[in-house]
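So the structure is just underneath, and the comments pick up after that.
The values are calculated or read from the model by the stated rules, or taken from the named source; none is laboratory data. Worth saying up front: this structure is predicted, and the values here are computed from it rather than measured. Reconstructed Cβ throughout: ideal geometry from the backbone, glycine too, with neighbour counts over all protein chains shown.
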Amino acid sequence: MEVAVLSDILISCENLSLSFPNHQVLSDLSFQLHRGDFLGVIGENGVGKTTLVRLILKQLRPSGGHIRLAPGLKIGYVPQFRNIDVEYPLSIRDFIGLSFTGLKLPWLSGKEKNRVNEVMKSVGLTEIADRPLGLASGGEKQKAYLAQALINHPDLLILDESTASLDPSTKKELLDVVLRLNNQLGLTILFVSHDMQLIREYPKHYLWLQKDHYETGKIQDLPEGAEEGLYV
């Protein structure tokens, strides 16, 4: 796998604000996400974690301030766990291949097939590649979503509550894969979560969104009080 070489700063937010009628979600948020970082984003429900992700993905426009992305930045996105019906017809391999054309694997080019095999290996799905996705475990399904997010060589991987609804051992298994991608490939990670045990164990830095302010810093400096009021 390869990660493109970009500016050291992938995301720069300056006095970023977003409001809806009668509701201020983000106010004067300023931070930078550097290439190779692993940033944990925490906060109570409603303080703007998913809103920040949507701003980064350009699904929303800020009400004030600026959010700047490095030119040519490619983003992979892993959503919260979504169960798939047991009768879903595609194999894990074919599901990952949908990222290219929306067609099943036989219609992919040789280069695309090789890339599917590469990302399956990177997330530990090679041995079960031909298993129907509907019969896979929750962790295996989430790894398949992770593989889809990696297929186009992203510079930034966003995990938006991607470990929610998984059991503790499966959460760690998924985050171990993500941490390896961060350490070995320098893939930049933005991890949104309520799980403070995972936040304290995996990210290098934190961004703690609160109703009237925010804090950011090294993960070892995250105050003990951050757990209070969060779902863990």
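Structure data summary
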| read-out | value |
| --- | --- |
| Residues of region 6-27 classified as in contact with an Asp or Glu (Cβ under 8 Å, 6 or more places away or on another chain) and part of a loop (DSSP other than H, G, I, E, B), total | 1 |
| In region 146-195, residue modelled with the lowest pLDDT [restricted to those that are of a type in the set (Gly, Ala, Ser) and either within 11 Å of the chain's Cα centre (by Cα) or closer than 23 Å to residue 225 by Cα (or both)] | 164 |
| Count of residues meeting criterion [small (Gly, Ala, Ser), buried (at least 17 other Cβ atoms within 10 Å of the Cβ) and in a loop (DSSP other than H, G, I, E, B)] in region 55-86 | 1 |
| Only one of 104, 113 that is over 21 Å from the mean Cα position of the chain (by Cα), modelled with pLDDT under 85, of a type in the set (D, E, K, R) and surrounded by fewer than 19 Cβ atoms within 10 Å (Cβ to Cβ) | 104 |
| Among the candidates 218, 171, residue that is crowded, with 19+ Cβ neighbours inside 10 Å, free of Cβ contacts under 8 Å to residues at least 40 places away in the same chain and charged (D, E, K, R) | 171 |
| Of residues in region 1-42 being among the acidic types (Asp, Glu) and either over 27 Å from residue 151 (Cα atoms) or exposed (fewer than 14 other Cβ atoms within 10 Å of the Cβ) (or both), the one modelled with the lowest pLDDT | 2 |
| Residue match in region 99-108 (condition: farther than 21 Å from residue 160 by Cβ, touching an Asp or Glu at 6+ places or on another chain (Cβ under 8 Å), outside any loop (DSSP other than H, G, I, E, B) and among the charged types (D, E, K, R)) | no |
| Evaluation of residue 89 against (1) modelled with pLDDT under 90; (2) part of a loop (DSSP other than H, G, I, E, B); (3) within 29 Å of residue 48 (Cβ to Cβ); (4) not hydrophobic (A, V, I, L, M, F, W, C) (one fails), failing number | (3) |
| Residue identified as farther than 19 Å from residue 178 by Cα, in a helix (DSSP H, G or I) and touching a helix residue (DSSP H, G or I) at 6+ places or on another chain (Cβ under 9 Å) among 141, 113 | 113 |
| Given (1) under 25 Å from residue 99 (Cα atoms); (2) charged (D, E, K, R); (3) under 14 Å from the mean Cα position of the chain (by Cα), index of the condition residue 37 fails | (1) |
